[in-house]
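The next block holds one structure in the form of structure tokens; read it before the comments.
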Amino acid sequence: MKHTIYIIFGILLSIGCSYQPTSNITKLEFGPGDEDDIRLAFINLVDSTEVNLAEGIYNFEKLSIIGKLANISLKGAGPDKTIIDFSSQASGGEGLRIDNINQLTISDLQLRESKGDLLKVKDCDGVELINVHTIWESEANKENGGYGLYPVSCENVLIDGCYAKGASDAGIYVGQSNKVIVRNSKAELNVAGIEIENTTDAEVFNNESTNNTGGLLVFDLPGLSQAGGNVKVYKNRVYNNNYRNWAPAANSATGVGNVPPGTGIMILCTSDVEVYDNRVENNNTMPIGILSFLTVDPNIIKNDPTFKPIPYNIYLHDNEISKKDEFPEHVRTHELSMVLVSLDSKLKESGFPGIPPILFDGITLQEGDNPTNICIKEKVSYLNMDVGNEFASPSYDNESFNCEISL
């Protein structure tokens, strides 16, 4: 036992950091130029370790903490002061990857310019990402990594005060996780700003999403480890998300590859979602859309008979929603967008005002006026597109959706 203690102490001394046990917490402190020492420290981490990075720029090709550990924190001096730069990364993967940690905190730093995802956190319980910025400066570049902040298969996740820019998939993404809060954060110039995918018990509030292709997405996709549901989206500002969809071809079969430019909030084939008290402004194709996966892939049931593609128990109320009559500049470069452009023309030719601020594809696969419990109590108009009948009878007569749900 004594020999083991000497070995650990020797490693800590050899990597040139200060070692300060305080209340059973090991504190490691590094500055720019200590990159090799940081890599070695991450390999040899023990439970209850706090890693502090001083102000400056740190250059890595990649960095990881992988192991069954508890109570690990990584702290910088602020996201504009402590910068971890992965621009030397030659290929994909992740910039910083962290797996299998119980109680993880990452705070007050910036991650930049990886080929793959900037920060991936997997199979962790008790995740706090606080005041973390993820940035690709090159605008709409398919070479940018897919995700900025990317917790997946995690429990008890908090994302607070974070910022994401330039992701070729989603800036702030939470996937296949449970008990999640995303708050006080901003996403801009990503394909998807904020995305909650196959995740349960999530609250998304007090965020800002702007100048993305799609502002805020709540998705279920097939072939993943769990279905999502029980998501509340409230008090967010989702505006000016009219940027072209520049997702790489590899993402075209996923949810984000199918997001039309001009999407504000999209709810895709998930359940028990409440959207309220949001300001949804100038997302000029589909400010709010409720869609089944059959609109994205009509063959999904044949390809995956276990997947449930229809959204149900969806409640929209008390949102402030507006849109301009003109479609975004790049809308005609995207397949689903072109369908909506065509529908808009068809409606106007028939004497209707065109596409309203809220769209529902109308696919239910069940009998009845509202078998999937879609409830909309808003001041703006909404349209049942009748996608299942190839848009034969789109309808503004939606009294059956004028209902309330307790979620």
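The values are calculated or read from the model by the stated rules, or taken from the named source; none is laboratory data. Quantities reported herein were computed from a predicted structural model and do not represent experimental measurements. Don't worry about glycine lacking a Cβ; one is built from the backbone with ideal geometry, like all the others, and counts go over all protein chains shown.
Here is the figure for segment 112-136: residues that are of a type in the set (Asp, Glu), within 18 Å of Ala187 (Cβ to Cβ) and outside any strand (DSSP E or B) total 1.
For segment 332-382, the tally of residues that are outside any loop (DSSP other than H, G, I, E, B) and either out of contact with any Leu (no Cβ under 6 Å at 6 or more places or on another chain) or polar (S, T, N, Q) (or both) stands at 23. Only strands (runs of 3 or more DSSP E) whose full extent lies in segment 153-202 are considered here, and the ones with at least 1 residues that are under 20 Å from Asp99 (Cβ atoms) and of a type outside the set (Lys, Arg) are 155-160, 170-175, 178-183, 192-197. Checking each residue in segment 47-67 for being surrounded by fewer than 16 Cβ atoms within 10 Å (Cβ to Cβ), modelled with pLDDT of 95 or more and among the hydrophobic types (A, V, I, L, M, F, W, C) picks out Ala54, Ile57.
On the given criteria, is Gly95 in contact (Cβ under 8 Å) with a residue 40 or more places away in the chain, small (Gly, Ala, Ser) and farther than 21 Å from Asn24 by Cα? Spelling it out, Gly95 is indeed in contact (Cβ under 8 Å) with a residue 40 or more places away in the chain, small (Gly, Ala, Ser) and farther than 21 Å from Asn24 by Cα.
The residues of segment 68-104 that are more than 21 Å from Tyr163 (Cβ to Cβ), at pLDDT below 95 and either over 22 Å from the mean Cα position of the chain (by Cα) or surrounded by 18 or more Cβ atoms within 10 Å (Cβ to Cβ) (or both), listed by number, are Lys68, Ser88, Ala90, Ser91.
So, of the residues in segment 334-379 that are over 22 Å from Asn242 (Cα atoms) and modelled with pLDDT under 80, which turns out to be surrounded by the most Cβ atoms within 10 Å (Cβ to Cβ)? For segment 334-379, the residue satisfying everything is Leu365. Here segment 52-82 is the region considered, the condition is being among the hydrophobic types (A, V, I, L, M, F, W, C), part of a strand (DSSP E or B) and out of contact with any helix residue (DSSP H, G or I) (no Cβ under 7 Å at 6 or more places or on another chain), and the residue that is farthest from Asp123 (Cα to Cα) is Ile57. The residue pairs whose first member lies in segment 250-265 and is more than 22 Å from Leu316 (Cβ to Cβ), whose second member is modelled with pLDDT under 65 and assigned to a helix (DSSP H, G or I), and whose beta carbons are closer than 8 Å, counting only pairs six or more residues apart or on different chains, are Gly257/Asn251.
Looking at (1) of a type in the set (A, V, I, L, M); (2) in contact (Cβ under 8 Å) with a residue 40 or more places away in the chain; (3) more than 17 Å from Ile310 (Cα to Cα), which is the one condition that is false for Met385? Against the list (1) of a type in the set (A, V, I, L, M); (2) in contact (Cβ under 8 Å) with a residue 40 or more places away in the chain; (3) more than 17 Å from Ile310 (Cα to Cα), Met385 comes up short only on (3). Pairs under 8 Å by beta carbon, first residue under 20 Å from Ala77 (Cβ atoms) and surrounded by 14 or more Cβ atoms within 10 Å (Cβ to Cβ) in segment 21-32, partner modelled with pLDDT of 95 or more and polar (S, T, N, Q), six or more apart or different chains? From segment 21-32, the pairs are Thr26/Ser48; Thr26/Thr49; Lys27/Thr49; Lys27/Asn52; Leu28/Thr49; Leu28/Asn52; Glu29/Asn52; Phe30/Asn52. Count of segment 140-167 residues, restricted to those that are out of contact with any strand residue (DSSP E or B) (no Cβ under 9 Å at 6 or more places or on another chain) and either within 21 Å of Pro79 (Cβ to Cβ) or of a type in the set (D, E, K, R) (or both), is 3.
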